[in-house]
Structure formats: C-alpha cells, structure tokens
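Reading through the structure tokens given below for one structure.
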Amino acid sequence: GDASPLAGDLVSVTAVVTAVLATGFFLQEEDADADGDAATSEGIFVLSADTVTVGDVVVAEGIVEEQFGFTRIDASVIDVTGTADLPTAAGLTLPFTMETDLEAVEGMQVVLTSADDADPLTVIENFNFDRFAELTVSAGEQIQPTQIFDAQDDAAEVDALQQQNALNRIIIDDGSTQGNPGSFAYIANDTAGDNGDGILSAGDDIAAGNVAPRLGAQITEPVEGVLDFSFGEYRIVPSGTLAIDPATNDGAREPDAPEVGGELTVVSFNALNYFTTLG
C-alpha cells in the first residue's frame, strides 16, 4: 500500500545508509529483498540532524510518519555500529507498465534504464531545473497528443497517447527543497569554464562551455540513485553525475523541417528566454 501500517508507532530499525540529504538520510536492508516480498520496500528515509556517511550501518529509533504520501522515521536516537557494502540496486525501466509499482521500491537504491537503445533516456522537461534542480526524463522524446491527433475526432487516440506519455517519465532531483540552488551536484562540468568543483555551479563561466541540460539532451548511461517521493511525484536522487551526451546538448540545432519558402515577421517573443547576457 501507499502508507505504512506502523504510522504513529515507535520503531527501531538497523540498516545501511545509502544516501545523505540535508534533512536526513536513507536506510536500506543490506539484502535487496530481505523480507522475500517484492511488493514491499526495503528502504526508509530517516529524518535526523545526525551526521552519517554512506555505507554506515545505523540503528535508528523514532516514530513512523507519513509526510504527504512519503514514509519516513522521525528519529530521536541514532547509533552508528559499523559499515557495510551497499545493497544491489533495484532495476527500473522506462517506459513503465501499468503494473509497475514504484511504491514497492520507495526509499530504495534504484538504477534507471530505457527499454530500447533506440530511445535513450532523454531530457523532456527542464523548466524547474534552475529553481529546484529538477529534470524530467523519458525513454526517447514525447509528443503532445493534440499535436498529431484531433482533440475532437480522435479522442481515443489522444487519451491513449496521454497515458503512454504518463508511463514514460520520471523526475531527476537533487533531493533538496532549497530554491534557486547555487550548484547542481548531478550535472558534471569538465569544460574550461568550471570553477574547480567539477559540477555545474554558480561560479562557472558558461561562456567557456555550457553544460546545463537542454531539452532533447540524451543520457548515455543508466541513472543510479535513491527513489524519493515528494510533491506528489516519484523522483530519483542520483548518487553521481548524469552521463549526458555532449553531441545532443551543445551548439546550435538545425531544424529538421524542410524549406518551404515564404516570409515571416517576428511579432512577439518570450522575454523570459530572450535575454542571455543579463545573469
């Protein structure tokens, strides 16, 4: 189910730290399917200000909570007892099927791939990237149903493609609710404009090489991380940087449409994206 039957109870759990965020950390059983039930998660988020490191074995005691659909433990006692290898990540494949149960791996280590090499993981939304470090990816690109189907005459086709699109997307996120972050830990920067930290951050000179992910940018390797849930959406918090293909992210892009002749006059423009040199 989408909520723990132990909500409100005092519990004690022992497991290995798989990811550390600003507000706490994720714990997971060392055995990827410790209880032998594929329908239940082996991971949990622990709300805590204590300092822990990925790989630590931790005993956490606290109250089980459901925070807007996300299961967590509000811990009052934390004890590090040793270290352990991280569990094997659970596989997730885009597009999902109607039977895919992401709740069963909430809080666990996951590895995201595309079902078809011809449709690699692709950035399809970056509107919230600069503000909340969020990207939405799918297997291949997506098309708005009404771009190819008539909304009145082809309602069934529109509905079918909407459902297909909904199953073929997931958010990549930094795991923080901080607005307008100064750095993006999962976006590597190996250009001459990097400020020395190896990632996209406020001190970089993007004129020397922009690595910010653009729509259509393709990810060439599986995305590994922890499956989080917030603001009504599942999201993967990566454990490393995304392998973005520079050939799909750099330079000007020529349109695929054929030359049709005629003359057009620009009568309006998007002020949000028009200026590129005002910081």
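Of all DSSP bridge pairs formed entirely within region 48-134, close to 70 percent run antiparallel. Using the alpha-carbon positions of region 15-75, Rg (one decimal) and Dmax (whole number) come out as 11.4, 32 Å.
R0 = 30 Å: FRET efficiency of D85 with D50, Cβ-based, nearest 0.05? So, using R0 = 30 Å, E works out to roughly 0.85. Counting only Cα atoms, the size of region 88-161 along its three principal axes is 48, 33, 26 Å, in decreasing order. Set Lys and Arg Cβ to +1 and Asp and Glu Cβ to -1, take the dipole of region 112-244 about its Cα centre, and tell me which of T241, N168, A118 lies farthest positive. Farthest along the dipole direction, towards plus: T241.
Loop-resident chymotrypsin sites (Phe, Trp or Tyr not before Pro) (DSSP state other than H, G, I, E or B) in region 1-72 with no more than 14 further Cβ atoms inside 10 Å of their Cβ: F68.
Radius of gyration (Cα atoms) of region 140-279, expressed as a multiple of 2.2 N^0.38 Å: 1.32.
Overall, region 1-125 carries a charge dipole of about 380 debye about its Cα centre when +1 sits on the Cβ of Lys and Arg and -1 on the Cβ of Asp and Glu, all other atoms neutral. Ranking V80, A38, A155 by how far each Cα lies toward the positive end of the dipole of the chain (charges on Cβ) leaves V80 at the top.
Just to confirm the number: angle between the C-alpha axis of helix 155-166 and the first principal axis of the chain, 0 to 90 degrees, nearest 10? Long axis of 155-166 versus the principal axis of the chain: about 50 degrees.
Inter-part distance, region 103-159 to region 222-242, computed on C-alpha centroids, equals 15 Å. Coordinate range of the alpha-carbon atoms in region 1-49 per principal axis, descending: 31, 25, 19 Å.
For region 175-279, GluC sites (Glu not before Pro) are listed when DSSP marks them as loop and at most 10 other Cβ atoms sit within 10 Å of their Cβ; the list is E259, E263. Mean projection of the Cα convex hull over all viewing directions, computed for the chain: 18.9 nm².
Semi-axes of the equivalent ellipsoid for region 50-140, computed as √(5λ) from the eigenvalues of its C-alpha gyration tensor and ordered from largest down, come to 31, 17, 15 Å. For region 36-108, the list of GluC sites (Glu not before Pro) that fall in a loop by DSSP and count at most 10 other C-beta atoms within 10 angstrom reads E99. Based on DSSP H segments of at least four residues, each scored -39500 (n - 2.57), the chain has a per-residue ellipticity at 222 nm of -2000 deg cm²/dmol. Per the Cα gyration tensor, region 59-214 maps to an equivalent ellipsoid with semi-axes of 32, 27, 16 Å, ordered largest to smallest. Run through all the Cα pairs of region 196-235 and give the fraction in each 10 Å bin from 0, expressed as whole percent. Answer for region 196-235: a P(r) of 21, 32, 39, 8 percent. For D150, the shell of other residues with beta-carbons less than 14 Å away shows a net charge of -4, using +1 for Lys and Arg and -1 for Asp and Glu. Between T14 and E125, the modelled labels are 4.2 nm apart [label points 7 Å from Cα along Cα→Cβ].
Quick one: Debye curve from the alpha-carbon atoms of region 141-219 only, equal weights, vacuum; give me log10 I(q)/I(0) at q = 0.10, 0.13, 0.18, 0.22 Å⁻¹ to two decimals. Evaluating at q = 0.10, 0.13, 0.18, 0.22 Å⁻¹ gives log10 I(q)/I(0) of -0.43, -0.61, -0.81, -0.98. Projecting the Cα atoms of G140, F25, N128 onto the charge dipole of region 25-166 (Cβ charges, centred on the Cα centre) puts N128 farthest toward the positive pole.
For the chain, the solvent-accessible area of protein heavy atoms averages 58 Å² per residue (probe radius 1.4 Å; ligands and nucleic acids excluded). Restricting the count to DSSP beta bridges whose residues both fall in the chain, what percent are antiparallel, rounded to a multiple of 5? So the antiparallel bridges amount to about 85 percent of the total. Around the Cα centre of the chain, unit charges on the Cβ atoms of Lys, Arg, Asp and Glu (plus for the first two, minus for the last two) sum to a dipole of about 840 debye.
Accessible area of D250 (1.4 Å probe, protein heavy atoms only, ligands and nucleic acids ignored): about 80 Å².
The values are calculated or read from the model by the stated rules, or taken from the named source; none is laboratory data. Just so it is clear, the model here is predicted, and its values are computed rather than measured. Positions of Cβ are backbone-derived with ideal geometry, glycine not excepted, and every protein chain shown enters the neighbour counts. Calculation scope for accessible area: heavy atoms of the full protein, side chains included, ligands and nucleic acids excluded. Shrake-Rupley method; radii C 1.70, N 1.55, O 1.52, S 1.80 Å.
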